[in-house]
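A short write-up of the structure that comes next.
The values are calculated or read from the model by the stated rules, or taken from the named source; none is laboratory data. Computed from a prediction, not measured in an experiment: that's the story for all the values here. Cβ coordinates were reconstructed from backbone atoms using ideal geometry, including for glycine residues, and neighbour counts include every protein chain displayed. Areas reflect the complete protein model, heavy atoms only, side chains present, ligands, DNA and RNA absent. Shrake-Rupley method; radii C 1.70, N 1.55, O 1.52, S 1.80 Å.
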Amino acid sequence: MTGRTAITGLTKEELESKILELGQPKYRAGQVLDWVYSKRAKRFSEMSNLPEDFRTNLDTQYIINPLTPVKDDRSTDTTRKYLYQLNDGRYIETVIIPASIGQQGKRSDRNTLCVSSQVGCAYGCKFCASGLDGFTRNLEAAEITGQILAVEEETMKKINNVVFMGMGEPLANIRNLMQAIKIINAEWGIGIGARHITVSTSGLVPQIKKIAEQPLQIRLAVSLHGATDEVREKIMPINKKYPIRDLFDVLDYYRTKKSQKITFEYILIKDINDSLEQAEQLSKEARSLNAKVNLIPYNKVDGLKWERPNERTQKDFLNVLTSSGVQSTLRKEKGHDIEAACGQLRLRKEKQEVST
Ligand code: SAH
Ligand code: SF4
């Protein structure tokens, strides 16, 4: 642990007041931010238009990016996962979905980054790798923004979309999430438009209400995975706390506050949630909320028993939705390695260390 504060977790106003405390004029904050986000300086010593004693001062109290890239032997060309070590020795993973592949297997000219919001996850969805080892801690805002900066540096690619679909439940870390989103969205910061930032949640009702009431037009994706309590409850323990009716009520409220559509993510798991009755119920609910549906064939997780249904079943399920007028997509096999990795991140590095 360095004990130093990460600049990349501060808003411009916060940095200005810290800089005033260091006895420097406020406008220095703009200069520092320009070095960090536009020029991508790695060290304070590079910030040549700042007085030398101020640079030294900054260096003793601050760091720029709290993440340390780790060479990850398991990473292949197709998965493009990046592993980072945090200051307390923990690890997180981030996945890039490059422009040439794009989301839902379609070609796209945008690079999407799937970021983690927590180390582990407390919500224990039965099918999910991230929840398998339980929850360790929330990520700091700078550990979230740092994923984008570090991947841009490693890949030399500009990230155009950010999806909070990596490890963790972003709305369970709402304070640091919103702080990070402010920085990701700001002109003086990473500069990604709110409509290109998607928060995915397993359905934390009070926090969805908070998101609805804040002004940024970020997108919301809801991991539904079951259209009735009976089915959803089997695979998502959170459904006991916030059953489907409460979830849909808050989503209806969300809709009144925002101008963009909600997306339902629906993993298709063989013999669990892939029946035509579920498809019909899902169509009904999606229509009443004017929501889109992303169907995702389940990706197998080592040690878990769940399987994906065959292609026929996947297509039949999709047809029920599209024929009733619901805007829906089914993720193609192509590129599924990458899509799979997003939402399947796990603390394997820690396990490896423990077992060696
Ligand atoms: N906690 C949040 C965001 C992280 S999970 C949430 O649950 O929405 C991101 C997405 O990946 C979720 O829709 C999740 O259900 C999905 N996911 C998890 N494991 C998966 C798997 N094995 N195959 C396909 N999608 C998976
Ligand atoms: Fe957590 Fe989301 Fe995985 Fe559920 S699906 S265990 S909420 S990361």
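With in contact with a Ser or Thr (Cβ under 6 Å, 6 or more places away or on another chain) and outside any helix (DSSP H, G or I) as the only criterion, which of 124, 131, 168 stands out? Step through it out loud before you land on a result.
Working: 124 fails: in contact with a Ser or Thr (Cβ under 6 Å, 6 or more places away or on another chain); 131 fails: in contact with a Ser or Thr (Cβ under 6 Å, 6 or more places away or on another chain).
Only one candidate passes the filter, namely 168.
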Report task. Output the qualifying pairs, or none if there are none: Cβ atoms under 7 angstrom, residues six or more apart or on different chains, first residue in segment 167-185 and at pLDDT below 95, second residue charged (D, E, K, R). Result -> 167/93
Query raised in the report: residue 131 fails exactly one of the following numbered conditions: (1) open to solvent by less than 20 Å² (accessible area, probe 1.4 Å); (2) away from ligand 2 (no atom under 16 Å from the Cβ). What is the number of that condition?
Result: (2)
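Within segment 264-280, can you find the residues that are in a strand (DSSP E or B) and either crowded, with 22+ Cβ neighbours inside 10 Å or more than 21 Å from the chain's Cα centre (by Cα) (or both)? Step through it out loud before you land on a result.
Taking segment 264-280 and keeping what is in a strand (DSSP E or B), we get 264-268.
The answer is 264, 266, 267, 268.
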Requested in this report: Find all pairs meeting these conditions: Cβ atoms under 7 angstrom apart; at least six residues apart or on different chains; first residue within segment 120-142 and assigned by TED's automatic domain parsing to the domain that holds residue 303 and more than 19 Å from residue 67 (Cβ to Cβ); second residue within 10 Å of ligand 1 (Cβ to nearest atom) and in a strand (DSSP E or B).
Outcome: 127/267; 135/118
Query raised in the report: So which residues in segment 223-243 are free of Cβ contacts under 8 Å to residues at least 40 places away in the same chain and not basic (Lys, Arg), if there are any at all?
Result: 229, 230, 233, 239, 242, 243
Query raised in the report: So residue 206 clears everything in (1) surrounded by fewer than 20 Cβ atoms within 10 Å (Cβ to Cβ); (2) near ligand 2 (Cβ under 9 Å from one of its atoms) except one condition, right? Which one?
Result: (2)
**Report entry** Filter result for the condition that a residue is in a helix (DSSP H, G or I), within 16 Å of ligand 2 (Cβ to nearest atom) and touching a residue at least 24 places away in the same chain (Cβ under 8 Å), over 220, 247
**Finding:** 247
Query raised in the report: So, in segment 1-48, of the ones that are modelled with pLDDT under 95 and of a type in the set (A, V, I, L, M), which residue ends up surrounded by the most Cβ atoms within 10 Å (Cβ to Cβ)?
Result: 22
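Does residue 288 qualify as being under 20 Å from residue 212 (Cβ atoms), surrounded by fewer than 16 Cβ atoms within 10 Å (Cβ to Cβ) and modelled with pLDDT of 95 or more? So that I can check it myself, show each step before the final result.
On the way: under 20 Å from residue 212 (Cβ atoms): yes; surrounded by fewer than 16 Cβ atoms within 10 Å (Cβ to Cβ): yes; modelled with pLDDT of 95 or more: yes.
Yes; evaluated as a whole, the condition is true for this residue.
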Report task. Considering every residue within segment 158-166, establish whether at least one is open to solvent by 10 Å² or more (accessible area, probe 1.4 Å) and more than 16 Å from ligand 1 (Cβ to nearest atom). Result -> yes
